[in-house]
Amino acid sequence: MSGKRSGAPGNFVSEWFGHRVHPTVITTSDSVADQQSERCRFLSDATSEMRQCIKADAARGVCTISSVSNGPRQDWLVCPYRALSDNLVKQATRQLFALSPDIDPYVTPALTLRHNDVREDIATRLNAGQPVFIYFDKKTSGELSIPATDQSPEFSFDVTIVEMTMENGHPHIGRFGILEIQTMDFHGSYRDAVRNLREGLRMHPTNFGKTVQENQWWLSEGVEGPNIANVFKRTFYQMMFKFQLGHHERCAGCVLAIPTSVWDSWQCHLGSPVLADAGDGTVSLLAPGRKRQDPCPAWIYVFEPDVASGATPSPIITRAMIGTDAAAISHWALEVAPAAALSNIDSELGLLAGLSRRLKRFWPELARTVMAEVATTPSAVRTAKKARTPADTEIPLTEAERLSDYRGPSEGAVSGDASDV
């Protein structure tokens, strides 16, 4: 392995094959066995059979990345199966199918239906009036999707939860619900960090945890930050589309399960939405003047691994259950957030001020005309009226430059260099 890296890295592999390795390593005989066999604890528990990690070699075993991109250090989910726990699936099932919190539904992957004892058990449960559900996902029972039409694209679902009923003494299929688990894309690759862990486990099998704890830099080598904007753009349309599916009589609705870190990073994209306490342990994200539908067709679950539990793997806990709809997401993301951006075009430190600073390098007189326009715009006038300090009487260009790190054109800029663009 390479020598110790210098600096203070911000991104670390935080869970490897389901077990925490940052900031504190939690190691047991079971965790080492999972890591040596490359076993996916979550797929194995869901299917009751041995399942290895599905990720490519360069990312093999990486469940979460610890990053400070939002400010505080947080776990960012990079594999949806890390969140595929009984608790999350059952919680989503209760919410979508309006089951009371004290009811414990029986939920199992559809692939288990191939076993006669499972079928018999389901029939017994249905006859006894117990809620029974099966679910489909890409790596256990096969992914389900809505086929494309001339006017709509194909849409696949991460997890499709299907209700079972008993009619005339025979099991039947009832409604279905959708569970989407949002992960985060990261720039670059985890290849170097994964290599360090794999080689560390090979060379130090009996004291792996202690060795990793003493060499935390292993976990950060080559690990870059999250690609927040790309994930929001990729997710937004699908979220809006799937939140509408609850209007079909056979669809119980959609739950988008999103890690706390991702939810925090989306606040600026959603216009920092206001959440209203619903009085039942949930909150609502709605457009002004609208009430939450009953039943609510769309939910956002904000979750994270419970590091404080000390258990391994860390259990998934839900921090917030947010009832919403597509109209609310549209209002906050497409009206509130753009309005905030518009107000920052002609502000004293906004886009036009930046344009003026850039132009000053090439044609100072032209740069002054930009700021002269800014000084007369409504938002600049409002800003000036609110301010009461002597600095606010300066012309906008002077004030903008005073607050920025701009110190005039460099020699490179004079010769045509534009490396800071």
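The values are calculated or read from the model by the stated rules, or taken from the named source; none is laboratory data. These figures come from a predicted structure and were not determined experimentally. Every residue, glycine as well, gets a Cβ built from its backbone with ideal geometry; the counts of neighbours run over all protein chains shown. Each accessible area value is taken on the protein alone, full model and side chains, heavy atoms only, with ligands, DNA and RNA left out. Shrake-Rupley method; radii C 1.70, N 1.55, O 1.52, S 1.80 Å.
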>> Where the second residue is of a type in the set (Lys, Arg) and at pLDDT 95 or above and the first is more than 11 Å from Leu126 (Cβ to Cβ) and lies in region 157-177, which pairs have Cβ atoms under 6 Å and are six or more apart or on separate chains?
In response: Arg175/Arg250
>> Given (1) open to solvent by less than 20 Å² (accessible area, probe 1.4 Å); (2) under 30 Å from Ile26 (Cβ atoms), identify the lone condition not met by Pro297.
In response: (2)
>> Condition first: in a strand (DSSP E or B) and either on the phi > 0 side of the Ramachandran plot or among the polar types (S, T, N, Q) (or both). Now tell me which residues in region 160-201 satisfy that.
In response: Thr160, Thr165, Gly188
> Quick one: how many residues across region 224-279 are buried (at least 18 other Cβ atoms within 10 Å of the Cβ) and under 18 Å from the mean Cα position of the chain (by Cα)?
Replying inline: 23
> Can you pull out the residues in region 70-83 that are of a type in the set (Gly, Ala, Ser) and out of contact with any Asp or Glu (no Cβ under 9 Å at 6 or more places or on another chain)?
Replying inline: Ala83
> Which of the residues that make up region 106-125 are hydrophobic (A, V, I, L, M, F, W, C) and either under 36 Å from the mean Cα position of the chain (by Cα) or over 14 Å from Thr165 (Cβ atoms) (or both)?
Replying inline: Val107, Ala110, Leu111, Leu113, Val118, Ile122
> Which of the residues that make up region 143-152 are assigned to a loop (DSSP other than H, G, I, E, B) and surrounded by 13 or more Cβ atoms within 10 Å (Cβ to Cβ)?
Replying inline: Glu143, Leu144
> So which residues in region 87-138 are charged (D, E, K, R) and surrounded by fewer than 15 Cβ atoms within 10 Å (Cβ to Cβ)?
Replying inline: Asp102, Asp104, Arg114, Asp117, Arg119, Glu120
>> Take Leu99 and tell me if it is part of a loop (DSSP other than H, G, I, E, B), aliphatic (A, V, I, L, M) and within 30 Å of Asp294 (Cα to Cα).
In response: yes
>> Among the residues in region 202-218, are any touching a residue at least 24 places away in the same chain (Cβ under 8 Å), over 15 Å from Glu15 (Cβ atoms), in a strand (DSSP E or B) and open to solvent by 40 Å² or more (accessible area, probe 1.4 Å)?
In response: no
> Which of the following residues is over 29 Å from Thr282 (Cβ atoms) and in contact with a helix residue (DSSP H, G or I) (Cβ under 8 Å, 6 or more places away or on another chain): Gln36, Gln74?
Replying inline: Gln36
>> It is to be established whether one or more residues within region 68-82 are open to solvent by less than 40 Å² (accessible area, probe 1.4 Å), assigned to a loop (DSSP other than H, G, I, E, B) and closer than 22 Å to Gly188 by Cβ.
In response: yes
> Taking region 167-180, which residues are open to solvent by less than 50 Å² (accessible area, probe 1.4 Å) and touching a Leu at 6+ places or on another chain (Cβ under 7 Å)?
Replying inline: Gly177, Ile178, Glu180
